[in-house]
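Everything below concerns the one structure shown next.
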Amino acid sequence: MANGDITKEYEYDKIEVVQTFKIQVRKATIIMEEQADGSKVELSRSFHRHVLSPFKSVKGEDGNWTHTATDISGEDASVQAIANAAWTDTVKTNYKTYRESQSI
């Protein structure tokens with residue numbers, strides 16, 4: 001990098017497990033500028049949030065539920081690690097039971 005170069009960096013600064021089975025993820029996008037002394041100065045920071053659940057659950061017209069596992073392979077490694085630790089078999093079963101109890 002040279003003095004005045006602008007770079008974009010990403011930071012997963014908040015990963016929270018809520019309601020036992022939902023994972024809230026906050027990703028920061030940071031715009032940095034390199035200074036003459038080699039240090040970096042943050043010019044801006046913006047955030048994107050999304051929530052993950054263990055399954056996408058859909059009730060069919062026949063009244064039967066389909067639970068499709070959430071694909072977390074595109075998530076950051078830190079998000080994957082937390083999801084894999086938090087979404088135990090018991091949590092997954094409880095999530096299905098919870099969803100099926102909803103009047104959707």
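Every read-out reported here was derived from the displayed coordinates using simple, explicitly stated rules and does not represent laboratory data. From a predicted model like this one, the values you see are computed outputs, not experimental measurements. So basically every Cβ, Gly included, is an ideal-geometry build from the backbone, and we count neighbours across all protein chains shown.
Between Gln35, Ala85, Thr66, the Cα set farthest toward the positive side of the dipole of the chain (charges on each charged residue's Cβ, about the Cα centre) is that of Thr66.
Applying 1/(1 + (r/R0)^6) with r as the Cβ-Cβ distance of Ala69 and Thr97 and R0 = 25 angstrom yields a FRET efficiency of 0.95.
So if we plug the beta-carbon distance of Ala36 and Glu16 into 1/(1 + (r/R0)^6) with R0 = 35 Å, what FRET efficiency do we get, rounded to 0.05? All intermediate terms of the calculation are to be shown ahead of the outcome.
Values: r = 39 Å, r/R0 = 1.12.
The computed FRET efficiency comes out at 0.35.
Applying 1/(1 + (r/R0)^6) with R0 = 22 Å to the Cβ-Cβ distance of Thr88 and Lys56 gives a FRET efficiency near 0.70. Coupling constants for the range 67-76 follow from the phi torsions by the Karplus curve (6.51 cos²θ - 1.76 cosθ + 1.60, θ = phi - 60°), and in residue order they are 10, 9, 4, 6, 7, 9, 5, x, 7, 4 Hz; glycine and proline get x. Note the angle between two axes, namely the Cα long axis of helix 77-86 and the longest principal axis of the Cα atoms of the chain, as a number of degrees from 0 to 90, rounded to the nearest 10. Roughly 30 degrees, rounded to the nearest 10. Relative contact order of the range 6-100: 23 percent, from C-alpha pairs under 8 Å at least 6 residues apart in sequence.
In the set (i) 19.6, 67; (ii) 13.2, 37; (iii) 23.1, 71, the label that goes with Rg and Dmax of the Cα atoms in Å computed for this structure is (i). The angle separating the long axis of helix 89-100 from the principal Cα axis of greatest extent in the chain is about 70 degrees. Taking a point 7 Å from the Cα of Lys8 along the Cα-to-Cβ direction, the residues of the range 24-66 with backbone N closer than 19 Å to it are 26-34, 41-50.
Treating only the Cβ atoms of Lys and Arg (+1) and Asp and Glu (-1) as charged, compute the dipole magnitude of the chain about its Cα centre; round to the nearest 20 debye.
My answer is approximately 540 debye.
Summarising the amide proton neighbourhood of Tyr12: residues at separation of 5 or more, or on other chains, whose placed amide H is nearer than 5 Å comprise Ala28.
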